[in-house]
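Have a look at the structure below before the remarks.
The values are calculated or read from the model by the stated rules, or taken from the named source; none is laboratory data. Everything numeric here is computed off the predicted structure, so don't read it as measured data. Here the Cβ positions follow ideal geometry from the backbone for every residue, glycine too, while neighbour counts run over all protein chains shown. These area figures cover heavy atoms from the full protein model, side chains too; ligands, DNA and RNA do not enter into them. Shrake-Rupley method; radii C 1.70, N 1.55, O 1.52, S 1.80 Å.
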Amino acid sequence: MKRTLGVCYYPEHWPEPQWAEDAARMAALGLTWVRVGEFAWSRLEPTPGKLEFDWLDRAIETLGRAGLKVVLGTPTATPPRWMLDRHPDMLAHDREGRPRGFGSRRHYDFAHEGYRAECARIVQLLARRYGKNAHVAAWQTDNEYACHGTVLSYSPAALKAFRNWLAQRYQSPEALNRAWGNVFWSMEYAGFDDVGLPNLTVTEANPAHVMAFRHFASDMVVEFNRVQTEIIRRHSPYPIAHNYMGQITDFDHFAVGADLDIASWDAYPLGFLSDRLSASPEHKRRFVRQGDPDFQAFHHDLYRAVGRGRWWIMEQQPGPVNWAPWNPDPLPGMARLWAWEAFAHGAEAVCYFRWRQAPFAQEQMHAGLLRPDSVAAPAYGEAAQVARELAMMPDQNTTRAEVGLVFDYASAWAWETQPQGRDFSYFRLVFETYRALRRLGLNIDILPPDCADLSAYKLVLAPGVATLSDGFLTALTRHKGLSLLGPRTNAKTADFAIPVPLPPNLPGLAATVARVESLPPDVAVDLPLGGTFCHWREKVETTAKVVETTADSWPALIRADGLHYLAGWLDEAGFARILDALCLEAGLETEHLPEGLRRRDSATHRFQFNYNSFAVEWHGREIPAAGVDWQPL
Ligand code: GAL
């Protein structure tokens, strides 16, 4: 497939006479896609029912005439001010029960029925008008579900919807009481209308209550999105995407993705490094202008799974952003490297955010491809270079990896609800596993937790999955390759209790986790063969083969045939050693890549990415600082 570039554009921000020149420059730069419209509701409907779509008709026409294809966003992330007069109770409420008010964006509650109906109305108008427009070629629903912590809401609308959701799920309050163990602390309810939201309790709420609320909140996002996709599909043949984010686990992206054609995500590597990555100060310093060498790739692989093979970058960082604690300038070359890394992982398109830096409002310090005075900013030239290179490159197709790594959103909720050790983060556990695999030069597929066919994978990993699905357990039984589960795998029932028989309850593996302990950051348990367990470890009683033990003689790694259970959270050295051995046995070729150098194979090429600020020589090839290298396989 031919890979393409694009950009995010806000015609409503600029005088109309400028549009044609902007469009001509975009086309000359080699861009294919322009995303528009996702925040434009106040201009499409300035007062209730007064529709002004003519300007958008003209904007789409101008872009289309220049040869560009439009991704049309639905504007539901930014309801206009008048919407609050119609629906004063539509706002989400924070944990303290305060409404999250107007004046920025995402000021709505996913569960509010009146607001959902307003969204259906505007989406219907857009879909009817543009559903077959010759210049529109894709849709985006809303914008970044979950951004600004908006999935969990403690509003009256959420409470009403939660009670309905519980009634459907449990059918009777007795069943709910039993499932949650509400006899504990006399928490029993006589009816669903007695159940509150799990905020403002004296001490922690029942974790089963919190988990039910997390599942409910995720379902509200799925339903909210589905309202839009069902309408768009009635009027338009074009594919529908949503733009997801980095390290956001507040809703089940696989469930939302099931209603979409394309998964896309918004990649801000320097913002993420500064804002959300858990890493040492040295690591953050080393990659301050490049971003973490694995963070983007992890999400590329994750969203390829969410999109069932089809995925894009909808927003790519072009220069300093405005929202992280610190906002450095990327090294020259990074805007190109990030795009190529996405293509190597199978992205169909990479769109830079945004065309021109806005001199006004919240994001005035956020770089674009153009400066506010329309002069080209540094990423402009790099985008042009990528466009030229794409034109010369043969079509790229994604290769199937031989290593599969499970990612499960519900497990992120589980271990947030009951971390048991302050720094136990599911995302971090999976990400560190991913990093360890990538440092060995491996291609990785991320798998959904209900993946029922593992036959393509020589090695499958599923750390920390709180409740393994029946489908996955069956697939595991049939799997001919090696697998590595644990720690903390299959440790809860679907209603968040400890299962009896005790975990991990894996087919064919006689093992019981008899004791778990969490470890403070400065305490680790040695593995005599190299590396340590940190954060977490388990005491396993087993008659299965003990492959190795900890220095204090607890089984550390056990196995039955190809199925392995790891009884702790490995540090970097431990991971490298144990994964290397598993790969060797599985017939996977590994090599320890130099720090900051990563690679990914497409179906036809091997790509190497140098995240370092200095050149690296590897197998006789010099890869420049912040550079990309590719060779036919
Ligand atoms: C994204 C968002 C964009 C813009 C951008 C700035 O999270 O979708 O609208 O705010 O960040 O980096």
- Task: Determine the distance separating the Cα centre of region 324-355 from the Cα centre of region 17-59; give it in Å without decimals.
- Result: 24 Å
- Would you kindly derive the ³J(HN,Hα) couplings of region 161-177 from the backbone phi angles with the Karplus curve 6.51 cos²θ - 1.76 cosθ + 1.60 (θ = phi - 60°), listing them in order in whole Hz, with x for Gly and Pro? 5, 5, 4, 4, 4, 5, 4, 5, 6, 9, 6, 9, x, 4, 5, 4, 4
- Rounded D (µm²/s) - region 342-417, Kirkwood Rh over Cα pairs, Stokes-Einstein at 4 °C, 1.567 mPa s: 80 µm²/s
- Message: I want the antiparallel fraction of DSSP beta bridges within region 403-586, as a percent rounded to 5.
- Response: 60 percent
- Task: Starting with the highest mean, order 56-64, 360-368, 314-322 by the number of other Cβ atoms within 10 Å, averaged over the residues of each peptide.
- Result: 314-322, 56-64, 360-368
- Pull up all non-local amide H partners of Tyr352: gap of 5 or more, or a different chain, and H-to-H distance under 5 Å with H placed in the peptide plane. Gly6, Val7, Cys8, Gln316
- Sorted largest first, the Cα spans of region 403-586 on the principal axes come out in Å as 39, 38, 31
- Integer Hz, Karplus 6.51/-1.76/1.60 couplings in order for region 300-317, x for Gly and Pro: 4, 5, 4, 6, 4, 5, 4, x, 6, x, 9, 8, 9, 9, 8, 9, 10, 4
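Could you sort the peptides 43-54, 383-394, 410-421, 554-565 by per-residue average Cβ neighbour count (10 Å cutoff), highest mean leading? Could the numbers behind the result be given before it?
Numbers: 43-54: 12.7, 383-394: 15.9, 410-421: 19.8, 554-565: 21.6.
Per-residue mean Cβ counts within 10 Å order the peptides as 554-565, 410-421, 383-394, 43-54.
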- Counting sequence-distant residues (5 or more places) and residues on other chains, those with an amide H built under 5 Å from that of Ala77 are Asn143
- Carbon and sulfur %, accessible surface of the chain computed with the full protein complex present, 1.4 Å: 53 percent
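Tell me, what is the per residue accessible area of the chain in Å², probe radius 1.4 Å? Intermediate results must be reported in sequence, preceding the final value.
Numbers: 24180 Å² over 633 residues.
Value returned for the chain: 38 Å² of accessible area per residue.
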- Query: Just the C-alpha atoms of region 478-588: what Rg/Rh do they give, with Rh taken as the Kirkwood radius?
  - Reply: 0.96
- Message: Per-residue counts of other Cβ atoms within 10 Å, averaged by peptide: what ranking do you get for 117-124, 430-437, highest first?
- Response: 430-437, 117-124
- Note on the structure: Expressed in µm² per second, the diffusion coefficient of region 332-484 from the Stokes-Einstein equation, with Rh the Kirkwood radius over alpha carbon pairs, at 4 °C and 1.567 mPa s, is 69 µm²/s
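What is the local net charge at Ala514, summed over the other residues whose Cβ is closer than 9 Å to its Cβ (Lys, Arg +1; Asp, Glu -1)?
Values: positive: Arg515, Lys539; negative: Glu538, Glu541.
Charge balance near Ala514 sits at 0.
Can you pull the Kirkwood radius for region 1-73, inverse mean 1/r over Cα pairs, to one decimal in Å?
On the way: mean 1/r = 0.0785 Å⁻¹.
The Cα-based Kirkwood calculation yields 12.7 Å.
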- Message: Please report the spacing between the Cα centers of region 564-633 and region 244-311 in Å, no decimals.
- Response: 19 Å
- Note on the structure: At 37 °C and 0.692 mPa s, the Stokes-Einstein diffusion coefficient in µm²/s for the chain, with hydrodynamic radius from the Kirkwood sum on alpha carbon pairs, is 127 µm²/s
- Item | For Phe407, distant residues with modelled amide H under 5 Å away | Leu447
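Okay, helix-only estimate at 222 nm for the chain: each DSSP H run of n ≥ 4 adds -39500 (n - 2.57), divide by all residues, round to 500 deg cm²/dmol; what do you get? Before the final figure, lay out each step's value.
Working: 18 runs with 207 residues, N = 633.
Taking each H run of at least 4 residues, the total per residue is -10000 deg cm²/dmol.
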- region 77-125 and region 505-551 have their Cα centres apart by a whole-number Å value of 48 Å
- Write down the percent of antiparallel bridges among all DSSP beta bridges whose residues are both part of the chain, to the nearest 5. 45 percent
- Message: More than 17 angstrom separation, counting every C-alpha pair in region 137-215; what % is that?
- Response: 50 percent
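Counting Lys and Arg as +1 and Asp and Glu as -1, what is the net charge of the other residues whose Cβ lies under 12 Å from the Cβ of Phe472? Mind dumping the intermediate values first?
Details: positive: Arg478; negative: Asp408, Asp450, Asp453, Asp470.
With Lys, Arg at +1 and Asp, Glu at -1, the neighbours total -3.
Local charge sum around His366 (other residues, Cβ-Cβ under 15 Å, Lys/Arg +1, Asp/Glu -1)? Mind dumping the intermediate values first?
On the way: positive: Arg105, Arg354, Arg356, Arg371; negative: Glu144, Asp266, Asp275, Glu315, Asp329, Glu363.
Within the 15 Å Cβ shell, the charges total -2.
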